[in-house]
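Shown next, in structure tokens, is the structure this report addresses.
The values are calculated or read from the model by the stated rules, or taken from the named source; none is laboratory data. Only a predicted model underlies this, so the values are computations on that prediction, with no experimental measurement involved. Because the Cβ atoms are built from the backbone with ideal geometry, glycine has one as well, and the counts that use them run over all protein chains shown. Just so you know, the surface numbers come from the protein's heavy atoms only, side chains and all, with ligands and any DNA or RNA stripped out. Shrake-Rupley method; radii C 1.70, N 1.55, O 1.52, S 1.80 Å.
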Amino acid sequence: MVQIYGIKNCDTMKKAFKWLDDSQVNYQFNDYKKGVLNEELVRQWIEQLGWEALVNKRGITWRKLEDTLKNNMSNESAVDILQNFPSLIKRPLLINEGNITLGFKAEEYQQLFSETTG
């Protein structure tokens, strides 16, 4: 089953949910705010994508993060930082058949799901 991670009230998440619902894609939502993140999961994502891809540097959480944390971020340090500040992770994070897709673009989802269902 498709797994989607993020924050329920995020506008981009709402667009992704609507697309998935309208396209009749079964998914399980995992809310960052409900403690779904653990070290193993965050490590897997970082191993696949690297911390730079996972972190939303345009968000307020990044801007408020201490400069020492931002300037010294590495794959290793990001594991703890992302668990402590889940709002730093780009949303949505969608996992389909082991592949991770970050963010929401209708065209990208259309291509992703037409490949797996067609």
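Of the residues Met73, Met1, the one with the largest accessible area comes first in the ranking Met1, Met73, computed with a 1.4 Å probe on protein heavy atoms.
In a fully extended conformation the segment linking Val36 and Glu108 would gain 23.4 nm over its present Cα-Cα distance, using 0.36 nm per residue. Computing FRET efficiency as 1/(1 + (r/R0)^6) for Lys14 and Asn71, where r is the C-beta to C-beta distance and R0 is 30 Å, gives about 0.35. Excluding the site residues themselves, the longest part of the chain lacking any GluC sites (Glu not before Pro) in a DSSP loop with at most 14 other Cβ atoms within 10 Å is 1-65. Among the trypsin sites (Lys or Arg not before Pro) in the stretch 56-118, those located in a DSSP loop and surrounded by at most 11 other Cβ atoms within 10 Å of their own Cβ are Arg58. Database remark: amide H of Tyr5 closer than 5 angstrom to the amide H of Asn30, Leu93, Leu94, Ile95 (H placed geometrically; neighbours at sequence offset of 5 or more, or on other chains; Pro and chain starts carry no H). Local charge for Ala106 was computed over the other residues whose Cβ lies under 12 Å away, with Lys and Arg +1 and Asp and Glu -1, and equals 0. Taken over the chain, the percentage of Cα pairs per 5 Å bin, counting from 0 up to the bin with the maximum distance, is 2, 11, 23, 24, 18, 12, 7, 3, 1, 0. For the chain, the number of Lys pairs separated by eight or more positions or lying on different chains, with C-alpha atoms closer than 17 Å, is 17. Rounded to the nearest 10 degrees, the inclination of helix 75-84 to the longest alpha-carbon principal axis of the chain is 80 degrees. Relative to the longest principal axis of the Cα atoms of the chain, the long axis of helix 11-22 lies at roughly 20 degrees. Think of it as helices only: each DSSP H run of n ≥ 4 in the chain is worth -39500 (n - 2.57), and spread over all residues that comes to -13500 deg cm²/dmol at 222 nm. According to the Cα-based calculation, Rg over Rh for the stretch 49-118 is 1.07, with Rh computed by the Kirkwood formula.
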